[in-house]
Structure formats: structure tokens, C-alpha cells
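For reference, the structure is listed below as C-alpha cells.
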Amino acid sequence: MSVVLRLEDLTRRFPGVVALDDVSFDLHACEVHALVGENGAGKSTLINIIAGVLQPDAGQVLLDDQPANLTDPVTARKKGIVAVHQEAELFETLSVAENMALCTGLPTAAGLVSWREVNSRARRAVAPLAVDLDVRQHASRLSVAERHLTQVAAAIAEKPRIIILDEPTSVLTAAETQWLFARIHELRAAGVGIVYISHRQEEIFQLADRISVLRDGRLVWTGPPTEIEPSALVAKMVGRAMDKPTPPARAIAPAIGAPPRMRLLGLTDRHGRFHDISLDLAAREVFGLYGLVGAGRSELAQAIFGLRGHSSCSIELDGHPRSINRPMDAVAERIAYLPEDRLRQAVCRGLSVRDNVVLSTLSSWGTRPFVSRRREDEAARRQTTKLHVRMRSLDEPVRDLSGGNQQKVVLARLLLAEPRVLILDEPTRGVDVAAKAEIHGIIRELADSGCAVLMISSELNEILAHTDRIGVLREGRLVLVVHAEETSAVELIAAALPKSDDATPGHLHHVRRPSRRPRLPWLSNVGLAVAVALLASALAVTTEGRFLTAPNLGNLLDNLSSRAVLALAAAAVIIAGGIDISIGSLLALAAAIGGTTIKALGGGGDAIALGIVAGLAAGTAGGLFNASLSLAGRVHPIVVTLGTMTIFRGLLTTITGGNVLAGLPQSFGSLATHSWLGLKGSTWVLMAGAAGAYLWLSHSRSGRHVYAIGCNTSAARFVGISRTRTWLTAYGVAGFFVGLAGMLELAQNRTMQPTMAIGYELRAICAAVIGGVAITGGRGSVVGVLLGALLLTMIENGLVLWQVSGAKYELVIGGLLLPAVLLDRLLRSAEP
């Protein structure tokens, strides 16, 4: 077999640690090469170098014995290398199909994104999964298991030469795992080289042609599985012989007549993910919950903890009825929860290990309102030592730890809370063999101390060996409850499989569940359109007909044109994950530069054209200047634009001398005020600008990259999207629209005051947010922004017609902005 990939003497250092130390590794075509090691051994660093995410400090990567310059994931994919990472970070506000397409490059036709092809490719990719999945829905609606399945399917659809699978079965049940193994055998037969990473030894010995062991960043052994015993492999991974596991201890019997620690009676999910769940959890018991992907396991755990709404249920704790409608209620009752998705729901990635460990028990480590750092250190060090967390120090950001060590940090936090009910969703996901044994021991110790443990796991051996009773969920219903020693893997799988499915080899059994339609952007736009219509009706009725007069409507459109264009500028930056509060000052500066250019060149046709170009260029340059300062200085854009707002206003004063700019030619003003086909030039400019913004954001690659960066910078890095290039594009385009708005307003008035556009930035941001642009980035539409701008302009017009003081307009804006942000958060949290 030919060597398709060779790593020679790779070294990679991070501050305070050598992640890889002179590692050599090779992969043949038609081979499954397993890579094993403890958490923190260097596996993730190695595969990130192969995938182009990281660059080695020393050594080289060879493809077909030729040096490969894998500068980023896109380059690696073009060379046939595809990685499916353990922690699947997706762009949650983008569709499943678009997430898949961003990895390979969005297909285009005539320079625009072909959405038909994007969705068609995604459907073809997920078809083998037999998953009832709408690829147009937001990726935020996928469970962790569905994320892995869709990523594996997308990777296979790319027909790679080399595929890297990092813990691909960590959240899959037996049926999904067998489907994956069948695909791996097909890939190997087709000549693909496969790097397979797993902590599950039975998988390694079943699949691998060769095994390589990493320990502390060094390669310590490579060979075929026939040359090593499982116990010897573990010893090489941990650097010592492992004790033979003792038979699991079962629960200590509860006191006679004692009520169950927790009782559920008729728990039903509001969104239909599970139905009529009745269950008793005894103190000192570990209750295992098993089921296929989509059966409702994680949703049940979330409902118990108050994270999901339920339509009916009675919950009792130690025989007393309790109302648990939110996590705060659960925490108050000493119910602790380890979520399946630690990346999004468990760890605070920007905080240190210490801060993550003590986060839920801060009141225990000091005297209110103060906490003792010494006691925090003691508590955090005690728990991290007990769980053998590999870290440089307690001050290390938890994002720098391996996935398994992050999991142990979250477990350490739960142990400090001393819960009486502990809900664990995939507690050993991504954890190495030694740590897994330690976690199982700790779970049993907690149970023996009186805690009731609900453990959800996709690993049958774990469920059978480390629980006292087992429940099986099928299609959202609890169909079996049995003592662990009285059942078998065959019985559990049979209970979990939908009865209508045929148990054919290699076929993925998946629970079909109620359709989960995405909350499409047009739904919020319809609501805005209704609000605009209602406001127009109210104005028509309450202004004695003055609102519907031609002069008033013409004035409304004039005001709307420049303000809507400015709102589009604000939206472009916010969608990219930034913000720009200098756009009002930049608008005035662009208008001043354009106006003085026109006057300086004599006011003729060429002068007007050059003046418009100068104004647009000034706006674009200002936007690029803001982005460059923020990126180069690594400073939040709100700080940068707060400073440039003053700079732009100072430049405006310098250019105009603090005087009114007037005397612009009539021909320049007619560009905005002259009518064509019944619409003024300003309205045509707005329509052209909106069409351009729509095509850019929705139908160009750079526009889709803006959404991706604003949604998830980390995920964008893994698919090769440059934050620097994307921010420069977003701020540059926004600056162009700011310049356009400035020239438009200047043409409408043919004069400008030095105080022009003061306060416009708040109005623009408000219009964008009211129009559905998420202030956190990653979501928004041109139609929504236009409707938001129209609504605000109509309100201002109404205040004039109602003869209300203009000073109260700012109050109205502030009164609309805050509810708009809160409503957006409320709607997103209400999604199933």
C-alpha cells in the first residue's frame, strides 16, 4: 500500500507546554490508522496540523512524498484531507445545508451563490443517514449526535483521499455506530486513508490496521493490533500498568418505606419530544437511560432541570411536590446537570479552570459579598487533583484544555455542589480510559453517599456495567425499565429500535419525530410589515388625512432613503459580529469631502461625478480604517469607533472650517430630487443600494462569510474563513453605504451644517435591530432592516404630524431598541 500521508519530526509548542515533540507518523491508502492516547497527549494538535488548522514549529507534512503547505483548512480540503472534529462547532444561525457548503466552498452561478445546488448537495449527503432532517433548518436545532452524523455524511460526500475521525462514536448509540463502521469499511475499500481517534478500545481493535500511541506529546509505539493486548495498550498510553477493574458495586438498598429521591409523574414535553414519562429515582441508585438519537434522552434531562418547558408533570423530591420551571429552581433543590454539549452549555471557555470549577458554589468560599481566592484555589485544586485534570495551572483558560479535560472540569464543578440528584448526559464522552474508570468510581461514590444519579449514555457497555436499573426511551416514550443484572445488550437494543424498522445490517435506525420547522426570517419580517401597516392606518385616522397627502409621503420617502441606507451600513457590521458608532460622523465627513470636491472643481458634470466618488471613497476608507484599528490592536470595535467618531468629526470641522457648506449646483441636487417613473432619484438610489446589499449578503460568498464570522468565529477558522478579510470586507462595504447615505442627504439639501448627522448612529443601529439583526451577530436580513427603518421614519413623521416635540424622538428610539433586543432573545429561547 502506498503512503498517502507522512509526518516527519513534528514539533508544536504552546505557552508553557510542548504539545508535540518530534513526532513522526504515516498513513497508507486503504488503511485505518488508529491514534490513541490520554487526554492532553497531543492527538488534537496532531490532527489540527494535518487538517491545516495549526502549523508545526518544526518538521514537515508530506502528501505522496511531496511537501504539503497546509496553510489553512481550505487548502487541506483541496488536497483531499477532511477532518470531522470531536467538538462540532457549527454556524448556528445558518442552515444545515449552508454549514456543509461552507466547508467546501459555496457553489456559485454567474457569481452568485446557487442555493438550489447548496440544498441539493446537502440532501444527497444526508440521504444515507435515513434521518428525517430538513437541511434548510438552522443548525442550532441539531442535537450533538445529529451534528456528528451530518458532519460525517458531509465528509464522505466530499470523496476525500484522507479522512480524520475524532471520537466519531462518542455520542452515537450501537445502531448509529454500526452504520458508521459500515461507511468506514466502504471508504477503506475505495482507497481512502483513515485516521481514527477513539478512547473505546473495542472499536480500535475492531477497525484498526495499525495503532499509534501518543503520550505527553511523544510517539511511544506503532504497530498492528495483533501485536499488543488491550491492557498493554492502556499501559503504553498512561505510562504505567492499570489495575484490573473490579466488578461494579450495585446500589445500597434504600431504607424500607422511604420515598424515592425523585419521582416523575406524566412528564410530557411541550414540543412533543417525549410523552408521559413516569419514573422513580431512588437515593443511592444509578439509573441508566438508553435510546437512539432523537429518542428524547437529552430533552428529558433538560426538562427535569428546568431548561425545557413541559405541558404536564408532577415532580416530587423526597416525597414533597416541587415546581421546577427554570434551572434556578433545580439548583435550589440541589439538582445538578452535566449537559451533553459541554462546548455550548457547560464550560465558560474564556474563564480559567479555577473560575469554571467554583462557578456554581461561589457563596461557599467566602463571606458575602466577598469570596476568598485562597479558599477557591483550595477547592478547585482538590477537585482537579481528584479527577487528574491535565493543565498548566488553575489560571489556564479552560478553552486551552483538551475536550476530555474540559469534561472533567465540569464534573469537578458538579461535585463541589454536593447534589442530591445528579443528571449526567454522556459523562465520559471524549474521556480517556484511565479517566473514564475514575469517573465511574466517583459516580458510584456519589450514589453510595445518598445521591440519586440519572446517567444517559450511548455506550451500552457503560450502561450495563455501571448502573443499577436501566430505562429505554423509544420515540419519546419510556418502553422498558429493568434491573441491569437482569438484561442484556440485545434486549436493550431491541427495545430501543422503532418497531416499524427492519434490522438490516449497515442501515441507520433513527427515530422519526415531529417536524421541527425553522423560524424563518420572513416570519419576523411579516410581523414588522403588520406593525408598519397598523401604524400607517393609525396615522391616516389620527392626522385628519395629512399623512396620506402626496407632499407628506414624498417627504417621508426622502427621509427614509438616506436613513435606510445608513441602517444597511450598520447592519452589515453588526451581522459580522462588530459594531460601528462612528457612522454618523463618518456620514457627515463623507458629505463634506464630496461637497467641497464638487465646489472646488467648479460644479460641472465631471466635478459632480468626482465629488460623488470622493464621498464614497471617504466613507469606504473610514470603514476600512475602523476595521484595521480593531484588528491590528485587538481592541473591541466599540472602543475603536468611539475614538474615530471624534476623529471624523474633527476632520469635518477642519475641512469646512466650522462653516456651513452651501452653494452646491442645482444639477447635483436634482440627482436626488428629480422624478423618474414617478419616484424621486433618492428612492431609486435606496432601491439600488438595497438590491446590492441583498445580493451581497444573501448570494455572494463574501456575504455568507460575514454571517459565518458573526455567528461563530471559532467555527469559521476551522473552515478556513479569514476573520481579517471578512471584517475588512464588512466594514468597507458598510463605509461605502455610509458615504452613499452622506452624498444622498447632501444632494437632497444642497447644503450641510457642521452638526450634520449627530445622533444618526443610534437611529441606524436601532433600525437594524428592530429589523431583526441580532446584536450579537450572525443574523439579519435586508428586508427586515428596510422595514425597521421605515417604521422609525414613520414614527418620526407621525410625531411631526401630531405636533409632538422632536426631542421626544430619541426617547421613542430608546424605548423601541431595548424591547427589540429583548424580544429577539425571547423568541430564540422559545424555539424547541
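The values are calculated or read from the model by the stated rules, or taken from the named source; none is laboratory data. Predicted, not measured: the structure shown is a model, and the values here were computed from it. Ideal geometry is used to build each Cβ from the backbone, glycine not excepted, and the neighbour counts take in all protein chains shown.
Note on the stretch 8-39: among residues that are touching a residue at least 60 places away in the same chain (Cβ under 8 Å) and of a type in the set (S, T, N, Q), the one that is nearest to residue 405 (Cα to Cα) is 39. Of the residues making up the stretch 39-57, those that are among the aliphatic types (A, V, I, L, M), in a loop (DSSP other than H, G, I, E, B) and within 19 Å of residue 236 (Cβ to Cβ) number 1.
Could you tell me whether the stretch 445-452 includes any residue that is surrounded by 20 or more Cβ atoms within 10 Å (Cβ to Cβ) and over 14 Å from residue 282 (Cβ atoms)? Spell out the reasoning first.
Let us first name the residues in the stretch 445-452 that are surrounded by 20 or more Cβ atoms within 10 Å (Cβ to Cβ), namely 446-447, 451-452.
Then keep just the ones that are over 14 Å from residue 282 (Cβ atoms); that gives none.
No: zero hits.
For residue 653, state whether it is surrounded by fewer than 19 Cβ atoms within 10 Å (Cβ to Cβ), assigned to a helix (DSSP H, G or I) and not hydrophobic (A, V, I, L, M, F, W, C). Outline the logic, then answer.
Values: surrounded by fewer than 19 Cβ atoms within 10 Å (Cβ to Cβ): yes; assigned to a helix (DSSP H, G or I): yes; not hydrophobic (A, V, I, L, M, F, W, C): yes.
It is true that residue 653 is surrounded by fewer than 19 Cβ atoms within 10 Å (Cβ to Cβ), assigned to a helix (DSSP H, G or I) and not hydrophobic (A, V, I, L, M, F, W, C).
Of note, residue 74 does not satisfy the criterion of being touching a Pro at 6+ places or on another chain (Cβ under 7 Å), of a type in the set (A, V, I, L, M, F, W, C), touching a residue at least 60 places away in the same chain (Cβ under 8 Å) and closer than 23 Å to residue 8 by Cα. With respect to the conditions (1) more than 24 Å from residue 446 (Cα to Cα); (2) in the same structural domain as residue 269 (by TED's automatic domain parsing), residue 317 lacks only one, and its number is (1). Of the numbered criteria (1) touching an Asp or Glu at 6+ places or on another chain (Cβ under 7 Å); (2) assigned to a strand (DSSP E or B); (3) closer than 27 Å to residue 232 by Cβ; (4) hydrophobic (A, V, I, L, M, F, W, C), the one residue 62 fails is (3).
Filtered by the rule that a residue be touching a residue at least 60 places away in the same chain (Cβ under 8 Å) and surrounded by 21 or more Cβ atoms within 10 Å (Cβ to Cβ), the stretch 132-144 gives 138, 144.
Restricting the search to the stretch 359-401, which residues are of a type in the set (D, E, K, R), out of contact with any strand residue (DSSP E or B) (no Cβ under 8 Å at 6 or more places or on another chain) and more than 24 Å from residue 439 (Cβ to Cβ)? Walk me through it before giving the result.
Of the residues in the stretch 359-401, the ones of a type in the set (D, E, K, R) are 368, 373-378, 381-382, 386, 390, 392, 395-396, 399-400.
Still in the running and out of contact with any strand residue (DSSP E or B) (no Cβ under 8 Å at 6 or more places or on another chain): 368, 373-378, 381-382, 386, 390, 399.
Listed by number, the residues that qualify are 368, 373, 374, 375.
Every listed requirement among (1) assigned to a helix (DSSP H, G or I); (2) modelled with pLDDT of 75 or more; (3) not hydroxyl-bearing (Ser, Thr, Tyr) is met by residue 821 save one, (2).
For (1) surrounded by 18 or more Cβ atoms within 10 Å (Cβ to Cβ); (2) assigned to a loop (DSSP other than H, G, I, E, B); (3) of a type in the set (Phe, Trp, Tyr); (4) not assigned by TED's automatic domain parsing to the domain that holds residue 179, each residue gets a yes or a no:
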{"residue": "83", "(1), (2), (3), (4)": "yes, no, no, no"}
{"residue": "101", "(1), (2), (3), (4)": "yes, no, no, yes"}
{"residue": "118", "(1), (2), (3), (4)": "yes, no, no, yes"}
{"residue": "121", "(1), (2), (3), (4)": "yes, no, no, yes"}
{"residue": "126", "(1), (2), (3), (4)": "yes, no, no, yes"}
{"residue": "146", "(1), (2), (3), (4)": "yes, no, no, no"}
{"residue": "154", "(1), (2), (3), (4)": "yes, no, no, no"}
{"residue": "160", "(1), (2), (3), (4)": "yes, yes, no, no"}
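Here the condition is being closer than 25 Å to residue 410 by Cβ, of a type outside the set (Ser, Thr, Tyr) and either touching a Lys or Arg at 6+ places or on another chain (Cβ under 9 Å) or without any contact (Cβ under 8 Å) to a residue 40 or more places away in the chain (or both); of 454, 446, 480, 460, it holds for 446 alone. The set of residues in the stretch 66-78 being crowded, with 17+ Cβ neighbours inside 10 Å and in contact with a strand residue (DSSP E or B) (Cβ under 7 Å, 6 or more places away or on another chain) consists of 68, 70. The set of residues from the stretch 145-156 being within 19 Å of residue 102 (Cα to Cα) and in contact (Cβ under 8 Å) with a residue 40 or more places away in the chain comprises 146, 147, 148, 149, 150, 151, 152, 154, 155.
Of note, residue 657 satisfies the criterion of being at pLDDT below 95 and on the phi > 0 side of the Ramachandran plot. When the stretch 198-210 is filtered for residues that are under 25 Å from residue 49 (Cα atoms) and surrounded by fewer than 23 Cβ atoms within 10 Å (Cβ to Cβ), the ones remaining, listed by number, are 198, 200, 201, 203, 204, 207, 208, 209, 210.
Would a scan of the stretch 213-226 turn up a residue that is part of a helix (DSSP H, G or I) and in the same structural domain as residue 30 (by TED's automatic domain parsing)? Spell out the reasoning first.
First pass over the stretch 213-226, keeping only residues part of a helix (DSSP H, G or I): 225-226.
Now drop any that are not in the same structural domain as residue 30 (by TED's automatic domain parsing), which leaves 225-226.
Yes: one or more hits.
Restricting attention to the stretch 162-185 and to residues that are assigned to a strand (DSSP E or B) and β-branched (Val, Ile, Thr), the residue that is surrounded by the fewest Cβ atoms within 10 Å (Cβ to Cβ) turns out to be 162. Residue 5 satisfies every condition listed in (1) farther than 30 Å from residue 202 by Cβ; (2) in a strand (DSSP E or B); (3) at pLDDT 90 or above except (1). Looking at 350, 441, which is the one that is of a type in the set (Gly, Ala, Ser) and modelled with pLDDT under 80? Selected residue: 350, the only one of 350, 441 that is of a type in the set (Gly, Ala, Ser) and modelled with pLDDT under 80. Restricting attention to the stretch 1-32, the residues being among the aromatic types (Phe, Trp, Tyr) and surrounded by 16 or more Cβ atoms within 10 Å (Cβ to Cβ) number 1.
Rundown of residues vs (1) assigned by TED's automatic domain parsing to the domain that holds residue 756; (2) among the hydrophobic types (A, V, I, L, M, F, W, C); (3) surrounded by 17 or more Cβ atoms within 10 Å (Cβ to Cβ), yes/no style:
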{"position": "602", "(1), (2), (3)": "yes, no, no"}
{"position": "625", "(1), (2), (3)": "yes, yes, yes"}
{"position": "632", "(1), (2), (3)": "yes, yes, no"}
{"position": "681", "(1), (2), (3)": "yes, no, yes"}
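Quick test for you: out of 762, 799, pick the one residue that is surrounded by fewer than 21 Cβ atoms within 10 Å (Cβ to Cβ) and closer than 15 Å to residue 547 by Cα.
799 is the lone residue from the list that is surrounded by fewer than 21 Cβ atoms within 10 Å (Cβ to Cβ) and closer than 15 Å to residue 547 by Cα.
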